[in-house]
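Visitor: Input: one structure, supplied below.
The values are calculated or read from the model by the stated rules, or taken from the named source; none is laboratory data. Because the structure is a prediction, the values reported are computed rather than measured. Positions of Cβ are generated from backbone atoms using ideal geometry, with glycine treated the same way; all protein chains shown enter the neighbour counts. The area values use the complete protein model at the heavy-atom level, side chains included, leaving out ligands, DNA and RNA. Shrake-Rupley method; radii C 1.70, N 1.55, O 1.52, S 1.80 Å.
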Amino acid sequence: MENSQEIEKKWQKYWEENNIYKYDETSQEEIYSVDTPPPTMSGKMHIGHASSYTHEDVVVRYERMKGKNIIFPFGTDDNGLPTEKFIEKEKNVSSQKMERTAFIDLCNKTLDELRPQFIQNWKDIGISADFNLKYSTIDKESQKVSQKYFLDLLKKGLAYKKESPILWCPLCGTAVAQAELEDKNIPSVFYSINFDLKDGGQITIATTRPELLSSCSAIFVNSEDERYKNLVGKKVITPIFKDEVEILADDKVDKEKGTGIVMCCTFGDTTDIEWYMSHNLELKTSISKYGKMTDLALEFAGLKTKEAREKIIQKLKEQNRVVEEKSIEHLVNVHERCGTEIEILSTSQWFIKLLENKDKFIERGKEIKWTPEHLIHRYENWINNLKWDWCISRQRFFGIPFPVWYCEKCGKIITPNENDLPIDPMNQKPKEKCSCGSDSFIPEKDVMDTWATSSITPQILENLINKKITPLNLRGQAHDIISTWLFYTVARNEYINKEIPWKEILISGFVLDSKGEKMSKSKGNIVEPKTVIEKYGADALRYWATNTGLGKDIKYDENELKNGKKLITKITNACNFASKNLKKEAPSNLYILDKYFFIKLNKVVKEVNDLYSKREISQAKTVIEKFFWSNFCDNYLELSKWRIYGEDNENKESAKYTLYKSILCIIKMFAPIIPFTAEEIYQNYFINTEKTNSIHLTKFPKFNEKLADDDIEKKGDLMIKYLEETRKIKSEKGLSQKTEINELKISEDLGEFEKDLKETGNIKNIIKE
């Protein structure tokens with residue numbers, strides 16, 4: 001007998017060889033298009049991927065079985081900083097110490113080697129994507145699309161390059177966007193330091209970053225602070241560096257924090273930027289792109305920031321300027337990619353305008369169907385709190401180049417013809433001279449942020465099929481990238497098409513360990529899907545993943561995997577038991593119990609369709625499972641045995657027909673959740689009669705409004721009640737269920753159902769009181 005892995009591999013191969021999930025360009029059926037989240041090649045598939053992608057796949061499989069022509073591509077996100085860091089670690093190299101072209105070639109070669117196995121991970125969990133409809137965010141077609149829509153932004157005045165204070169990661173050596181920040185609590189010290197007033201006297205300023213003293217451009221107090229009103233306009237001499245700066249007033253100063261007097265350094269935080277802009281302060285840069293002190297820091301030049309902090313505090317103490325040290329927990333911004341504390345530097349970068357269209361992005365968000373609905377508030381809160389336009393340039397090698405040159409003579413931005421895309425300005429030159437007559441050009445060295453390309457996955461898909469289909473039907477993703485992938489895609493599609501990118505967004509939660517804690521390598525609680533599949537099978541993994549509602553975090557639970565395995569075994573055994581007694585042809589007369597069972601099944605079909613349509617996947621699974629265990633296995637199979645093994649051919653044929661239709665219906669309802677098991681049963685018992693190549697191409701069961709009979713349902717329910725009571729009595733007395741009962745008294749009329757109660761309960765006489 002085949003094990004679950006052998007069965008899953010068999011049907012994976014079958015689906016691929018028979019193009020079961022291939023997009024049909026010739027079909028006239030309604031298109032259902034999916035914006036697949038391209039997983040990052042720089043990381044392993046984790047259990048969170050398995051959970052989130054399963055949710056999306058369940059919806060896609062359901063819509064496919066509703067008769068829709070599915071466009072479900074599979075992409076990989078493999079450009080930009082994450083990939084560079086991965087390659088550097090994997091190959092033990094440094095991009096900064098290699099020739100640019102050699103490093104890019106190494107990245108591409110490594111990705112080509114790893115990509116097939118990486119994609120296989122998604123096939124292994126049963127994702128029903130069209131794997132022939134694939135893309136990589138660094139391939140030539142994606143580069144062409146990305147560069148095309150960058151030029152479109154430039155033409156519309158929505159992209160610009162500017163020298164401006166930006167968020168900077170010293171470790172990665174590149175600009176980063178606001179959405180790439182994480183908050184982190186770190187232990188720190190509030191130092192209260194005495195500054196000299198030029199005209200005599202001192203003031204005390206509290207700061208956590210004394211290493212920025214050489215960048216101090218002004219001192220600020222709150223204009224409403226009575227303690228310091230008389231100081232406004234006076235001059236202060238900075239300790240050690242002896243710079244003369246002015247005391248200014250601004251209501252952003254927190255009177256209760258520290259001493260109520262703060263120094264503005266260019267730049268310690270975003271408030272410093274606001275003051276720098278609004279008060280026209282001098283720009284002083286004391287920290288370099290590599291996180292070291294500049295010449296402005298005099299004797300501390302070349303030191304890393306934390307080293308400089310220690311040395312400067314030591315010198316301040318020698319000068320008796322440190323009046324208090326207070327240990328605190330300090331919330332700082334760190335780069336999500338490496339955990340390094342972010343600096344703010346003034347550099348020249350490319351930006352996409354966001355701030356001027358925040359209201360429009362919020363309105364677009366309201367046009368999308370959100371599941372769950374409440375997560376739109378996280379999207380709106382992110383937009384309302386945006387402080388920056390989107391910085392999309394990165395000072396790295398492996399990314400999509402900006403299709404831009406600069407005229408060496410006049411500085412004009414030169415762009416290529418769209419037909420020539422993709423281009424790399426470092427290796428190619430403009431085909432024509434600049435309008436000033438010069439033919440000397442400076443290539444743009446920066447590359448685009450990976451999100452600048454991932455944010456146009458709908459357009460990458462349209463390029464693949466050469467057809468406009470936006471807005472797409474569905475985007476599935478986890479809630480941690482609402483501020484990046486989701487928001488950026490809404491923004492880009494607004495600028496491209498002035499419409500939403502998709503009609504529906506499906507948000508999954510995080511996977512936590514069995515104790516409810518976040519999984520991490522340091523805690524040693526990481527679970528890899530591969531390990532789970534080897535032990536329980538992919539369908540059991542999918543069963544567990546659909547155990548919690550969308551948007552909610554889910555605990556990894558071995559017991560639920562075991563329950564999934566138990567269900568799969570029960571379905572297999574029940575179908576094996578019934579396999580010799582399945583008949584597609586309807587009998588001339590349907591037996592009363594079969595009519596009753598179809599009425600019950602029909603109600604479940606209605607409920608399950610409603611739940612799948614509302615994306616309440618876990619509830620749909622619960623309803624199907626309950627019906628399968630209780631109504632089908634515990635009741636119908638047992639109630640039909642006497643007819644199956646009896647001599648009455650007419651009643652036997654009715655039972656065989658009901659078994660055929662009901663099992664097929666049940667496995668169709670289960671198919672989106674446990675696709676391998678459903679396919680195995682379908683291929684073993686139904687394909688020769690149904691003819692369709694796969695259960696996943698058959699039609700999902702439909703509710704029949706005409707299939708209702710209150711009298712049959714009422715009497716059938718009563719019969720089941722009496723049967724359960726009989727079973728209970730036998731169990732309590734320690735009797736076998738096959739033990740004959742001489743007499744059972746009932747108070748209601750069961751009509752034709754009395755025969756089923758007698759035969760199944762092994763009751764000699766039923767007496768109606």
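Visitor: How many percent of Cα pairs in segment 367-506 exceed 25 Å? Display every interim value, and only then the final one.
Guide: On the way: 4100 of 9730 pairs.
Of all Cα-Cα distances in segment 367-506, 42 percent exceed 25 Å.
Visitor: Pulled fully out, how much extra length does the chain show between Asp648 and Ser731, if you take 0.36 nm times their separation in residues and subtract their Cα-Cα distance?
Guide: Numbers: separation 83, 0.36 × 83 = 29.88 nm, distance 3.06 nm.
Between Asp648 and Ser731, full extension yields 26.8 nm more.
Visitor: Modelling each spin label as a point 7 Å along the Cα-to-Cβ direction, I'd like the Thr569/Lys702 distance in nm, to one decimal.
Guide: 3.9
Visitor: So, one more: Rounded to two decimals, what ratio of Rg to Rh does segment 493-636 give with C-alpha atoms and a Kirkwood Rh? Walk me through the numbers before you get to the answer.
Guide: Details: Rg = 20.4 Å, Rh = 18.6 Å.
Using Cα coordinates only, the ratio equals 1.10.
Visitor: Something else: Mind listing the phi-derived Karplus ³J(HN,Hα) values for segment 472-479, rounded to whole Hz, using 6.51, -1.76 and 1.60 with θ = phi - 60°, and x for any glycine or proline?
Guide: Along segment 472-479, the couplings run 5, 7, 9, 10, x, 6, 8, 6 Hz.
Visitor: Per q in 0.08, 0.12 Å⁻¹, report the Debye log10 I(q)/I(0) for the chain, using one uniform scatterer on each alpha carbon and no solvent.
Guide: -0.80, -1.35
Visitor: Give me the Kirkwood hydrodynamic radius of segment 458-551 in Å, from all C-alpha pairs, to one decimal place? Numbers along the way, then the final one.
Guide: Values: mean 1/r = 0.0624 Å⁻¹.
After inverting the mean inverse Cα-Cα distance, the result is 16.0 Å.
Visitor: Then there's this: Express in whole angstrom the spacing between the alpha-carbon centres of segment 1-47 and segment 746-767.
Guide: 50
Visitor: Still on this structure, please answer the following. Name the residue farthest towards the positive end of the dipole of segment 337-411 from the options Asn357, Thr371, Ile342, assuming +1 on Cβ of Lys and Arg, -1 on Cβ of Asp and Glu, about the Cα centre.
Guide: Thr371
Visitor: What shape does segment 56-143 take by its C-alpha gyration tensor, where a ≥ b ≥ c are the square roots of the eigenvalues and a/c under 1.5 counts as rounded, a/b above b/c as prolate, and the rest as oblate?
Guide: On the way: a/c = 3.64, a/b = 2.60, b/c = 1.40.
It comes out prolate by the Cα gyration axes.
Visitor: To check my understanding: the extent here is largest minus smallest coordinate of the Cα atoms along each principal axis. What are those three numbers for segment 611-769, in Å, largest first?
Guide: 52, 37, 36
Visitor: Can you give the translational diffusion coefficient of segment 304-375 in µm²/s, computed by Stokes-Einstein from the Kirkwood radius over Cα pairs at 20 °C and 1.002 mPa s?
Guide: On the way: Rh = 17.9 Å.
Translational D for this selection: 120 µm²/s.
Visitor: From the P(r) of segment 354-446, could you give the percentage of C-alpha pairs in the tail past 21 Å?
Guide: On the way: 2357 of 4278 pairs.
For segment 354-446, the share of Cα pairs beyond 21 Å comes to 55 percent.
Visitor: Compute log10 of I(q)/I(0) for segment 224-289 with the Debye formula, placing one identical point scatterer on every Cα and leaving out solvent, at q = 0.18 Å⁻¹, to two decimals.
Guide: Results for segment 224-289 at q = 0.18 Å⁻¹ read -0.76.
Visitor: Continuing with the same structure: Considering only protein heavy atoms and a 1.4 Å probe, what is the carbon-and-sulfur percentage of the accessible area of segment 1-137? Please report the intermediate quantities before stating the final value.
Guide: Working: 2750 of 5840 Å².
Carbon with sulfur: 47 percent of the solvent-accessible area.
Visitor: For the chain, give the magnitude of the charge dipole about the Cα centre (Cβ charges: +1 Lys/Arg, -1 Asp/Glu; no others), in debye to the nearest 20. Provide the component values of the computation, followed by the final result.
Guide: Details: 117 positive and 122 negative charges, 182 e Å.
For the chain, the charge dipole is close to 880 debye.
Visitor: Go through the cysteines of the chain and tell me which have no other cysteine Cβ under 4.7 Å away.
Guide: Result for the chain is Cys107, Cys216, Cys264, Cys265, Cys338, Cys391, Cys575, Cys633, Cys665, no neighbouring Cys Cβ within the cutoff.
Visitor: Taking a quarter of the surface of the Cα convex hull of segment 628-685, what do you get in nm²? Don't skip to the answer; put the middle values down first.
Guide: Values: hull surface 16.6 nm².
Quarter of the Cα hull surface area: 4.1 nm².
Visitor: From Cα coordinates alone, what are the radius of gyration and Dmax values for segment 403-484 in angstrom?
Guide: In order Rg, Dmax, the Cα atoms of segment 403-484 give 17.6, 52 Å.
Visitor: Next question. Given a 1.4 angstrom probe, what's the average accessible area per residue across the chain, in square angstrom? Mind dumping the intermediate values first?
Guide: Values: 34990 Å² over 769 residues.
So the chain comes to 45 Å² accessible per residue, rounded to a whole number.
Visitor: So, one more: Dividing the convex hull volume of the alpha carbon atoms of segment 158-291 by its residue count, what do you get in Å³ per residue?
Guide: On the way: hull volume 18.5 nm³, N = 134.
Expressed per residue, the convex hull around the Cα atoms of segment 158-291 is 138 Å³.
Visitor: When the accessible area of segment 229-303 is computed with all protein chains present and a 1.4 Å probe, what percentage of it is carbon and sulfur? Before the final figure, lay out the partial values.
Guide: Details: 1780 of 3850 Å².
C and S fraction of accessible area: 46 percent.
Visitor: What angle, in degrees between 0 and 90 and rounded to the nearest 10, separates the Cα long axis of helix 617-626 from the longest principal axis of the Cα atoms of the chain?
Guide: 20
Visitor: So what's segment 511-570 giving for Cα Rg divided by 2.2 N^0.38 Å, two decimals?
Guide: On the way: Rg = 11.7 Å, N = 60, 2.2 N^0.38 = 10.4 Å.
Taking the Cα Rg and dividing by 2.2 N^0.38 Å, one obtains 1.12.
Visitor: Based on Cβ point charges of +1 for Lys and Arg and -1 for Asp and Glu, what charge dipole magnitude is obtained for segment 338-411 about its Cα centre, in debye rounded to the nearest 20? Present the calculation step by step, with values, prior to reporting the outcome.
Guide: Numbers: 11 positive and 10 negative charges, 36 e Å.
Computed about the Cα centre, the dipole is about 180 debye.
Visitor: List, largest first, the extents of the alpha carbons of segment 566-686 along their principal axes, each in whole Å.
Guide: Answer, in whole Å and largest first: 45, 26, 23 Å.
Visitor: Rounded to the nearest 0.05, what FRET efficiency do Ser94 and Glu748 give with R0 = 60 Å and r taken as the Cβ-Cβ distance? Could you check? Walk me through the numbers on the way to the answer.
Guide: On the way: r = 83 Å, r/R0 = 1.38.
Efficiency at R0 = 60 Å is approximately 0.15.
Visitor: Specify the inter-centroid distance of segment 200-248 and segment 409-445, based on alpha-carbon positions, in whole Å.
Guide: Centre-to-centre (Cα) distance: 48 Å.
Visitor: Give me a comma-separated list of calculated 3J(HN,Hα) values for segment 682-693, in order, Karplus coefficients 6.51, -1.76, 1.60 applied at θ = phi - 60°, integers in Hz, x for any Gly or Pro.
Guide: These are the phi-based 3J(HN,Hα) values: 4, 5, 6, 10, 10, 5, 5, 9, 7, 6, 5, 5 Hz.
Visitor: For segment 680-750, divide the Cα radius of gyration by the Kirkwood radius and give the resulting Rg/Rh value with two decimals.
Guide: Working: Rg = 20.1 Å, Rh = 16.5 Å.
Over the Cα atoms of segment 680-750, Rg/Rh equals 1.22.
Visitor: Can you tell me the 0 to 90 degree angle between the C-alpha axis of helix 710-732 and the longest principal axis of the chain, rounded to 10?
Guide: Around 90 degrees separate the two axes.
Visitor: Sticking with this one: Roughly how many debye, to the nearest 20, is the charge dipole of segment 638-769 about its Cα centre, given +1 on each Lys and Arg Cβ, -1 on each Asp and Glu Cβ, and no other charges? Spell out each step's value before the answer.
Guide: Details: 23 positive and 26 negative charges, 85 e Å.
It works out to roughly 420 debye.
Visitor: Ok, one more. Would you mind computing the Rg to Rh ratio of segment 374-425 from its alpha-carbon coordinates, Kirkwood style for Rh? Don't skip to the answer; put the middle values down first.
Guide: On the way: Rg = 17.5 Å, Rh = 14.7 Å.
With Rh from the inverse mean 1/r over Cα pairs, Rg/Rh is 1.19.
Visitor: Dividing the convex hull volume of the alpha carbon atoms of segment 231-389 by its residue count, what do you get in Å³ per residue?
Guide: Working: hull volume 29.8 nm³, N = 159.
Cα convex hull per residue, to the nearest whole number: 187 Å³.
Visitor: What FRET efficiency, computed as 1/(1 + (r/R0)^6) with R0 = 22 Å and r the Cβ-Cβ distance, is obtained for Glu246 and Glu274, rounded to the nearest 0.05?
Guide: On the way: r = 17 Å, r/R0 = 0.77.
Between Glu246 and Glu274 the formula returns 0.85.
Visitor: From the residues Tyr596, Pro430, Thr677, which one has its Cα farthest along the dipole of the chain in the positive direction, the dipole being from +1 and -1 charges on Cβ of Lys/Arg and Asp/Glu about the Cα centre?
Guide: Going by the charge dipole, the pick is Thr677.
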